[in-house]
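Colleague: Here it is, the structure, as structure tokens.
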Amino acid sequence: MISEIIPFCLEAHDRNTLKILKNLAAKLSSNVHEVSSEQRVFLHLAAVYACNFTNHMIFLAEKLIRKNGLSFSMLNPLIKETFEKLENLSPQQAQTGPAVRNDKNIMEKHLSLLDDMPEMKDIYRMISENIYKSSKEELV
């Protein structure tokens, strides 16, 4: 098999073509899904959040840590652990940090450290608020 990890997303105009595609894809991967055009758009949007935005957050962390004379490699074990937790927990269950705890003292300290970086300060504030709200939500 080519990949057991990467999902194969299939769509066809008729059931016979879909059956042929499923049989072919099953020879390449055990991770095969029927996905409509509408679902595919949301899958791509979710991938942007999960991958592109996550990578950008890591870029901002690298920028912050290097600006303060530290090595980005110091974050690697924490980044790795964060993604490994998602093997067994939902993202909501895996969320940690001052925002989910609503630790206002720590968050105010962090915000003050970002006084000379207004964009990062806005991002920190917005994401922290969303993390706290999301921690109280029931997932559908």
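Only the coordinates and a few stated rules stand behind these numbers; no lab work does. Because the structure is a prediction, the values reported are computed rather than measured. Please note: Cβ atoms are built from the backbone with ideal geometry, for glycine as well, and neighbour counts cover all protein chains shown.
Colleague: Could you work out [θ]222 nm for the chain from helices alone, using -39500 (n - 2.57) per DSSP H run of at least four and dividing by all its residues? Round to the nearest 500 deg cm²/dmol. Spell out each step's value before the answer.
Modeller: Working: 8 runs with 85 residues, N = 140.
Computed mean residue ellipticity for the chain: -18000 deg cm²/dmol.
Colleague: Roughly speaking, what is the stretch gain from residue 105 to residue 66, that is 0.36 nm per residue apart minus the C-alpha to C-alpha distance, in nm to one decimal? It would help to have the intermediate numbers written out before the result.
Modeller: Values: separation 39, 0.36 × 39 = 14.04 nm, distance 2.45 nm.
The span from residue 105 to residue 66 would gain 11.6 nm if fully extended.
Colleague: What net charge is computed for the residues neighbouring residue 71, neighbours being all others with C-beta under 14 Å from the C-beta of residue 71, Lys and Arg scored +1, Asp and Glu -1? Walk me through the numbers before you get to the answer.
Modeller: Working: positive: 63, 66, 67; negative: 62.
Result for the neighbourhood of residue 71: +2.
Colleague: Okay, next question. Amide H neighbours of residue 8 under 5 Å, counting only residues 5+ apart in sequence or on other chains, H built in-plane at 1.01 Å?
Modeller: Those lying under 5 Å, H to H, from residue 8 are 31, 32, 33.
Colleague: Tell me, what is the FRET efficiency for residue 13 and residue 90 to the nearest 0.05, using R0 = 41 angstrom and their Cβ-Cβ distance as r? Can you show the working numbers first?
Modeller: On the way: r = 35 Å, r/R0 = 0.85.
The value I calculate is 0.75.
Colleague: Let me ask you something else. In the structure shown, do any of 67/121; 27/80; 67/104 have a Cα-Cα gap over 27 Å, and if so which? Please report the intermediate quantities before stating the final value.
Modeller: Details: 67/121 15 Å; 27/80 31 Å; 67/104 25 Å.
In this structure, 27/80 exceed 27 Å between Cα atoms.
Colleague: Please report 72, 59 as a ranked list, fewest other C-beta atoms within 10 angstrom at the top and most at the bottom. Write down the numbers at each step before the final one.
Modeller: Details: 72 15, 59 11.
So the residues, fewest neighbours to most, are 59, 72.
Colleague: Tell me which GluC sites (Glu not before Pro) from the range 86-136 have a DSSP coil assignment and no more than 13 other beta carbons within 10 Å of their own. Can you show the working numbers first?
Modeller: Numbers: sites: 87, 108, 119, 129; in loops: 87.
Qualifying residues, ordered by number: 87.
Colleague: Any idea what % of Cα-Cα pairs in the range 1-44 are farther than 14 Å? Walk me through the numbers on the way to the answer.
Modeller: Details: 446 of 946 pairs.
Result: 47 percent of Cα pairs exceed 14 Å.
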